[in-house]
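The values are calculated or read from the model by the stated rules, or taken from the named source; none is laboratory data. This one's a predicted model, so the numbers in the text were calculated from it and none came from an experiment. In this analysis, Cβ positions are derived from the backbone assuming ideal geometry, glycine residues included, and neighbour counts consider all displayed protein chains. Each accessible area value is taken on the protein alone, full model and side chains, heavy atoms only, with ligands, DNA and RNA left out. Shrake-Rupley method; radii C 1.70, N 1.55, O 1.52, S 1.80 Å.
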Amino acid sequence: MERNLKNVLVISFGFLLLFTAYSGLQSLQSSLNAEEGLGVASLSVLFAALTLSSMFLPPIIIKKLGCKWTIVISMCGYVAYSLGNFYASWYTLIPASVILGTGGAPLWSAKCTYLTIAGTLYAEKAGKNAKDIINQYFGVFFLVFQTSGVWGNLISALILDQSSNKVEITEEDLKCCGAFNCLTGTTNSTESARPSNSLIYTLVGIYTACGVLAVLLVTIFLDQIQSDQVETEKEKLEAPSFWSTFLATFRHLKDKRQCLLIPLTMYSGFEQAFLTGDYSKVYMTCALGIQYVGYMMICFAGVNSLCSLLFGKISQFTGRKLLFALAAALNTGCIITLLLWKPHPKQLAVFFVIPALWGVSDAVWQTQTNAIYGILFEKNKEAAFANYRLWESVGFVIAFAYSNLLQAYVKMYILLSVLVLSMVTYGAVEYLEAKSSPRTPTAAKKENGKSPSQETHM
């Protein structure tokens, strides 16, 4: 267990360092690089590249390199994105976004595959339920990983708080904030107050160093998982064709359950994109100033991290259906509140309550959606997790693509519609699983005490 736990912690802290940089930069793109919509455009391109990468690369790269080296090489793309932010322009940030997006899908697929295999191997040796161990591994990972938002945004908040470009917010400025925000071309003074170049260089320099440390940590300390070698030997004997591997992601769509999970997976992209691209700009930056974005994201990430561990533990007692219902209710309540609320600096607490509640629901979307993919598609892990990243990325691409074209209230109606659809299709998946699972007296007993079909894991 000690060696397995060490590997889980190495991956977790490697991702923590890597996404300390990326999460901080992503949260600031819509505000920091607002000119001509460069920041949001770069995120849209990034997730478009991630979408294409999800279609083709993960199964091929993981099978060729193994999980460890796939993670290492993919991490280098995130470092390139940090470097692209030193001098943000269409000629630097867009290519860097393509590089990051290309490596993003193999990175996450390799991580999910590694943790699932490690959990399964340990469960076999220890005589424990594999779903419970995988649950715990994903719970530990997301506990550590989600704090990256805290550290990344704390760095940005502390550095940008030193900016000398702060402005007074007038009632006229506040008219462009909230659900009925002004579109591009009519910006208020808080949106146009960009920090000095020296502060930006300091911030990006720290983020780049974090990315380099992440690459070194995984390269030196992560073990190449044993199952990788076993599967590689089997594949050499079976000699699958290139096209068979290449199209594994598409072939997985033949599974009806995978198709029904698409709206839920896309919603994960929609809701994250809304918080980082829209809420941070038309509520936080608009009404309070860019220096508050970091503090807002710290609130979101801190709650998200704690709830990720909590849900990873209690899911075996509550079942995933109850957790999904909780997340849907919280997101719906937040969206309705944002539609009705007119942001004002005097209502400071509200600015942080909403991302805190959003963090609770996002913890469910991240942990339980990963859990479903790992449990339902155990025999096709690489292709399944590639589909997860593919459809989540599609959600990001769509949300960022229309970010500068629609007012916030329209985007919230779209978000609410996707949420309703995702809950309907998710319910269909649960129905199909319940219908197809044979129930012996023993199985029924296990199910009531957390059977694999009801458990949720990270």
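Data for the structure
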| quantity | calculated |
| --- | --- |
| Sum of -39500 (n - 2.57) over DSSP H runs of 4+, divided by residues of the chain (222 nm, nearest 500) | -26000 deg cm²/dmol |
| Relative contact order of the chain, defined on C-alpha pairs under 8 angstrom at six or more residues apart (%) | 28 percent |
| Test item: Cα-centred dipole of the stretch 1-158, Lys/Arg +1 and Asp/Glu -1 on Cβ, debye | 660 debye |
| Positive-end extreme of charge dipole, the chain - chosen from LEU83, SER97, SER422 (charges on Cβ) | SER422 |
| The stretch 251-434 shape via C-alpha gyration tensor axes, a/c threshold 1.5 | prolate |
| q = 0.07, 0.08, 0.10 Å⁻¹, the chain: log10 I(q)/I(0) [Debye, one scatterer per Cα] | -0.33, -0.44, -0.69 |
| Rel. contact order, % - alpha carbon contacts under 8 angstrom, at least six apart, the stretch 59-189 | 17 percent |
| Accessible surface, per residue, of the stretch 251-434 when the full set of protein chains is kept, probe 1.4 Å, Å² | 33 Å² |
| Shape of the stretch 1-141, Cα gyration tensor, a/c cut at 1.5 | prolate |
| Cysteines (scope the chain) whose Cβ has no counterpart Cys Cβ under 4.7 Å | CYS67, CYS76, CYS112, CYS210, CYS259, CYS299, CYS307, CYS334 |
| The stretch 251-434 - charge dipole about Cα centre, Lys and Arg +1 at Cβ, Asp and Glu -1, debye rounded to 20 | 60 debye |
| Alpha-carbon centroid distance for the pair the stretch 316-346 / the stretch 262-313, whole angstrom | 12 Å |
| The stretch 251-434, relative contact order [Cα under 8 Å, separation at least 6], % | 45 percent |
| Per residue accessible area of the stretch 4-76, 1.4 Å probe, in Å² | 29 Å² |
| Charge dipole magnitude, Cβ of K and R +1, D and E -1 - the chain, Cα centre, debye nearest 20 | 1180 debye |
| Counted charge near THR265, where neighbours are those whose Cβ lies closer than 11 Å (Asp, Glu -1; Lys, Arg +1) | 0 |
| Around TRP365: net Lys/Arg minus Asp/Glu count, Cβ-Cβ under 10 Å | -3 |
| By average C-beta atoms within 10 angstrom, highest first, the peptides 39-47, 409-417 | 39-47, 409-417 |
| Helical segments meeting 15 Å axial Cα length and Kyte-Doolittle -0.5 threshold in the chain (DSSP H) | 2-32, 38-84, 93-126, 130-146, 148-160, 197-221, 262-273, 291-318, 320-340, 348-376, 381-401, 408-436 |
| Burial order of peptide ranges 79-91, 333-345, 11-23, 259-271 (average beta-carbon count within 10 Å, highest first) | 11-23, 259-271, 79-91, 333-345 |
| Protein accessible area in the chain, 1.4 Å probe - carbon and sulfur % | 66 percent |
